[in-house]
1. Can you tell me which of 229-240, 408-419, 75-86, 609-620 comes out highest on packing, and rank the rest after it, using the mean Cβ neighbours within 10 Å?
2. What label, among (i) 39, 29, 26; (ii) 42, 36, 21; (iii) 65, 27, 21, belongs to semi-axes √(5λ) of the Cα gyration tensor in Å computed from the structure on display?
3. Just list whichever of Lys136/Lys216; Lys107/Lys171; Lys281/Lys608; Lys254/Lys365; Lys187/Lys216; Lys519/Lys607 have alpha carbons separated by over 20 Å in the model shown.
4. Under a point spin-label approximation (7 Å from Cα along Cα-to-Cβ), what is the Glu29-Leu308 distance to one decimal in nm?
5. Roughly how many Å² is the accessible area per residue of the chain, as a whole number, for a 1.4 Å probe?
6. Using alpha carbons only, how many angstrom separate the centre of the stretch 25-92 from the centre of the stretch 540-578?
7. Quick one: which residues, 5 or more positions from Tyr275 or on another chain, have an amide H under 5 Å from its amide H? H modelled 1.01 Å from N in the peptide plane, none for Pro or chain starts.
8. Express the C-alpha Rg of the stretch 48-194 as a ratio against the empirical globular expectation 2.2 N^0.38 Å, rounded to two decimals.
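The values are calculated or read from the model by the stated rules, or taken from the named source; none is laboratory data. Note that the structure is predicted; figures quoted are calculated from it, not measured. Methodologically, a virtual Cβ is constructed for each residue, glycine included, from the backbone with ideal geometry; neighbour enumeration extends over all protein chains shown. Each accessible area value is taken on the protein alone, full model and side chains, heavy atoms only, with ligands, DNA and RNA left out. Shrake-Rupley method; radii C 1.70, N 1.55, O 1.52, S 1.80 Å.
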Amino acid sequence: MIEWLKGIAPGRRPAIDAAARRLVGEIGELEPEMQSLDDTAIKRLGRSLSYRARAGEPPESLIVECFAVTREAGRRALSMRHFDVQLLAGVALVRGAIVEMQTGEGKTLVATLPLVLYSLYGKGAHLATVNDYLAKRDAEWMEPIYKRLGLSVGIIQSEMDFDERRNNYAKDVTYGTAKEFGFDFLKDRLVGREIAEGRGDLGATLVGGSASGSSKLLQRPYWFALVDEADNVLIDEARTPLIIASPPGEAQAKQQALFRFAAAAAVDLIRDEDYEFDRQKQTCELLGRGRSRVRAIRRPALLESTSLLAIYDAVERAIRAKESFIRDRQYVIRDDKIVIIDEFTGRAAEGRTWRDGLHQAVEAKEGLEPTVPSGHAARITIQDLFARWPHLAGMTGTIASSAPEISRTYDVAVAVVPTNRPAIRRQLTPVVVADYATKLRRIVDEVKQMHAEGRPVLIGTRSIDKSEDVARLLAEAGMACTVLNARQVAKEAEIVAEAGQLGKITVSTNMAGRGTDIKLGEDIKELGGLHVICTELHDSARIDRQLIGRCGRQGDPGTWRQYAALDDDILTMGYGPARAKRIAARLAGRLASQTDGSSGRLLGLFKKAQRLVEARHARQRRVLEYHERQRAEAHIQMSQDPYLDAAS
């Protein structure tokens, strides 16, 4: 598929080469010897390897014995024996690569190989994933393997206090989220400075802990990090820095009043008459008439001294909240709080907020109490965070297409690992239709056909509201379905695990990072396997590939079909409103000449729009990286800590 990318990164040796394959062969030769050892001897061998590691032996010289004993520990503890291709992936990870492994190829089990090896050095090995659920599930699932080798496992969860975090970071292997690792790094930075200046209590206040609990650092110096769902963590989440906010000041009431005033003003303003809004660039500007209307609105007493310029800015921000941030797409309301929906995983991103006052503008729009935007006590980017680990590796189902950016930003190789069994999934002819309603009708008709055959169907959508539109139409057609979106987080694993059973229909928002395999039920292979319907293109082709990869796992049969409509969001986001309308009009004429509405050629313009969106996101990440580097260099020159106060 992408042969030229296998293990290639500028200036680095290939992560998968003939030498790596020879190592896999040597590991296999040790298997009979490992099987002859009793459990005590297995644990003793683990200690022996640890002594050698701490004596200074490099990781690559320990690979064969370490991987052989880890494979045997997996077989005994979980009846899960690492396949040769999984060992190959493990070698690539030890060499510092980001590996692409198809869905269902066992990334969770592969992770144990480099984590065991690097933990032998006594410096801690970290696995960073996308959410607390996956961190806890994977750690508890793989813990028996580590225990067989005499290693301890820690888990970092968002609700943990200082002492719990410190204890879990002290374990040999620690699972957690990239966000938690980053925030704990910043907390340590704050606490370290406050202790040095004799102000430990203030440091505790800033990071939400007690003075006694925060008197010691949480983390040890970094050694090895393995990033699960690496494209999501290292690329998609890299557009927003991790920030610890300063405590609010006296201006809280005034700022809240400004957000509420702006939200009320934005309701009655008319697009193209009172303001101009560019959906592609996400910018808004009040026109002369709009400014006059804003000036005419009676202001509360708290805002009497607020400048008109600040009021105009607040109203423009409120208009952005009205135009671009839609409930059940970009966010949900939970316990009277705005909870962001991760655009790449479809999950609720608990604790994340939009920057530059946008979060407060959305709160005011929904009639909630605006949380005051505060200064930044500390901040760090994802790029800077993972650059701090001397040994970095990652795994994902979709990374090859982003290899140049990953290699440049993180100085790692990218390796595409072959599947254990050949993939035999088939793509059906794409379908392009005139509008959203027509598309949904066509999808329901296709589901009806597949359901009659008994095949399980997975339907992927971009947002919560669209997933519920599909579910409603299926119910009206007499077909029961299960909906998986940010409202059903607690049942996620159960829903996904059942999605491959006879006649099962599952409607889901983005499947990226779901982390649970869809295993086919009895006799499903004979029926043709799981059928995946992609209702529209996402902002990134990688997310589409994640969804498609849910069918045809480990050599199973499966099919998928891509749908698109002329009013899909991707056209507007890629080309801008005006050009998107012209393209849609041109495509409408071509659609009229189609007899069945099926055309792979018409889909090309949608994919081009997707590439334009991907390029824009890549530019945003480069700009953030550049500004953060410039800011850090300036602070270092002034003998300041680049991660702390001056970050605001």
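1. Details: 229-240: 24.6, 408-419: 21.6, 75-86: 17.6, 609-620: 16.0.
My ranking of the peptides, most packed first, is 229-240, 408-419, 75-86, 609-620.
2. (ii)
3. Numbers: Lys136/Lys216 25 Å; Lys107/Lys171 22 Å; Lys281/Lys608 17 Å; Lys254/Lys365 17 Å; Lys187/Lys216 11 Å; Lys519/Lys607 30 Å.
Long pairs (Cα-Cα over 20 Å): Lys136/Lys216; Lys107/Lys171; Lys519/Lys607.
4. Computed distance between label sites Glu29 and Leu308 equals 8.4 nm.
5. It amounts to 42 Å² per residue over the chain.
6. Rounded to whole Å, the Cα centres lie 40 Å apart.
7. Ile270, Leu287
8. Working: Rg = 15.5 Å, N = 147, 2.2 N^0.38 = 14.7 Å.
Cα-based Rg divided by the globular estimate yields 1.06.
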